[in-house]
Amino acid sequence: MTAQWESDGSPEISISADGTAVECNPDEHCGEVFNAIWKDSGVGLNSGSHYWQIHLSVLEKSSSIFVGLTDKDKFNKGWSLKGLLFGGPGNLSSGGCLLQSGYGPAPKAGNTIGIVAIFKEEQLKVYFDVDGKPLGPAFDLPATVLNGAFPAVHFRGKGKATISKCPDIPTNLSWKEPEYAGFEGMWKCTEFNGETPRITVTLKISKSEKDDNSYRIHLHVINMINFSLKSYDGKWKTTGGMSTRKGGSPENMELERNISSLFHTLCKAEHEGIALVVANETINSKWDRYTVSRSPFTNNPFN
């Protein structure tokens, strides 16, 4: 068969005449997602080692994309797509469910995302890289999790992607943790209003590419909550607060509401020694740097 992209049937998805480019053009402010699958074999792959590179020639700043692997049965319209995916703010996803936050950087226009699939000893191991920099193991699952694997893209907003299959697998698949300075990096909450949080609460801070005084905040309590943080004349202002919608115990959800409220109303974010202190008029919290363990997702992603 001739290798080519196929859409999920949405008119917002268009395929180039030679089949190698897929483009998504939804209406402005559309909240839906649109998908395409790369058919480079008749039944999908279930053996051997494979490496594809997906180049994002267009991805508007208000848009996002997930890339990864799916099969014919799990490839559907919109949010019904299921697969082993990386993207959005840098997370691993099954299509409609967050599996692991903070796996890598958020894909952006100009990036080339690599997908490595290795079938070995009845297991499927999946790795991703961005512009040749390995992000480490993403998934380590029974090979039967997909009934014949195909690459796929999952657009939210305007974007365009091309794909190529590479003959050689990268020799280095290991992730190396970047070195951070200042506010940037990964933080773990060690104290919230004088008490140790009952669950693990983490924070990823990255500097905005638009403004040296602006940061992107990814807070993970029960849900992943995303903020933007900017300094105006020495005062902090927070915007955003988009959140996933997972549930938890009443106590843990109350903790999440309180920590989210802290970031909505913070008036202090500064270093005290090696710790980061985040506070508003009534709440004080301390955060320590921590090393992210880069281990693959091994549970059933579709349960």
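The values are calculated or read from the model by the stated rules, or taken from the named source; none is laboratory data. Here the structure is a predicted model, which is why all the values come from computation and not from measurement. Because the Cβ atoms are built from the backbone with ideal geometry, glycine has one as well, and the counts that use them run over all protein chains shown. Accessible surface areas use protein heavy atoms only, side chains included; no ligands, DNA or RNA. Shrake-Rupley method; radii C 1.70, N 1.55, O 1.52, S 1.80 Å.
Placing +1 on the Cβ of each Lys and Arg and -1 on the Cβ of each Asp and Glu in the chain, which of 285, 147, 117 has its Cα farthest towards the positive end of the resulting dipole?
Positive-end residue among those listed: 285.
For region 1-82, what is the accessible area per residue in Å² when the probe is 1.4 Å?
Result: 49 Å² of accessible area for each residue.
Using 1/(1 + (r/R0)^6) with R0 = 45 angstrom and r between the beta carbons of residue 41 and residue 281, what's the FRET efficiency to the nearest 0.05?
Efficiency computed from Cβ-Cβ geometry: 0.15.
Sequence neighbours fewer than 8 away in the same chain don't count; with that in mind, list the lysines whose C-alpha is under 21 Å from residue 72.
Excluding near neighbours in sequence, the set is 39, 82, 125, 165.
At a 1.4 Å probe, what is the % contribution of carbon and sulfur to the accessible area of the chain?
Here it works out to 47 percent.
Which distance in nm do the two modelled labels at residue 20 and residue 264 give, with both placed 7 Å along the Cα-to-Cβ direction?
With each label placed 7 Å out from Cα toward Cβ, I get 5.0 nm.
Taking the highest mean first, how do the peptides 47-53, 229-235 order by number of other beta carbon atoms within 10 angstrom per residue?
47-53, 229-235
Expressed as an acute angle from 0 to 90° and rounded to the nearest 10, what is the orientation of the C-alpha long axis of helix 250-264 relative to the principal long axis of the chain?
Here the helix axis deviates by roughly 80 degrees.
Give the long-range amide H neighbours of residue 8: residues separated by 5 or more places, or on another chain, with amide H under 5 Å away, using H modelled in the peptide plane at 1.01 Å from N.
Correct list: 35.
Filter 74/188; 108/286; 61/188; 61/237; 207/286; 160/237 down to the pairs with a C-alpha to C-alpha distance above 30 Å, please.
74/188; 108/286; 160/237
State in Å² the accessible area per residue of region 115-259; use a 1.4 Å probe, count heavy atoms of protein chains only, and round to the nearest integer.
Value returned for region 115-259: 54 Å² of accessible area per residue.
For the charge dipole of region 218-303, defined by +1 on Lys and Arg C-beta atoms and -1 on Asp and Glu C-beta atoms about the Cα centroid, which residue among 232, 299, 219 has the Cα displaced farthest towards the positive pole?
299
Tell me which aspartates and glutamates have Cα within less than 16 Å of residue 235's Cα, excluding those fewer than 8 residues away on the same chain?
211, 212, 270, 281
Express in whole angstrom the spacing between the alpha-carbon centres of region 103-120 and region 223-272.
29
Once Lys and Arg get +1 and Asp and Glu get -1 on their Cβ, which of 16, 166, 66 lies farthest toward the positive end of the dipole of the chain?
Result: 66.
To the nearest 20 debye, what is the magnitude of the charge dipole of the chain about its Cα centre, counting +1 on the Cβ of each Lys and Arg and -1 on the Cβ of each Asp and Glu?
Charge dipole of the chain: 140 debye, to the nearest 20.
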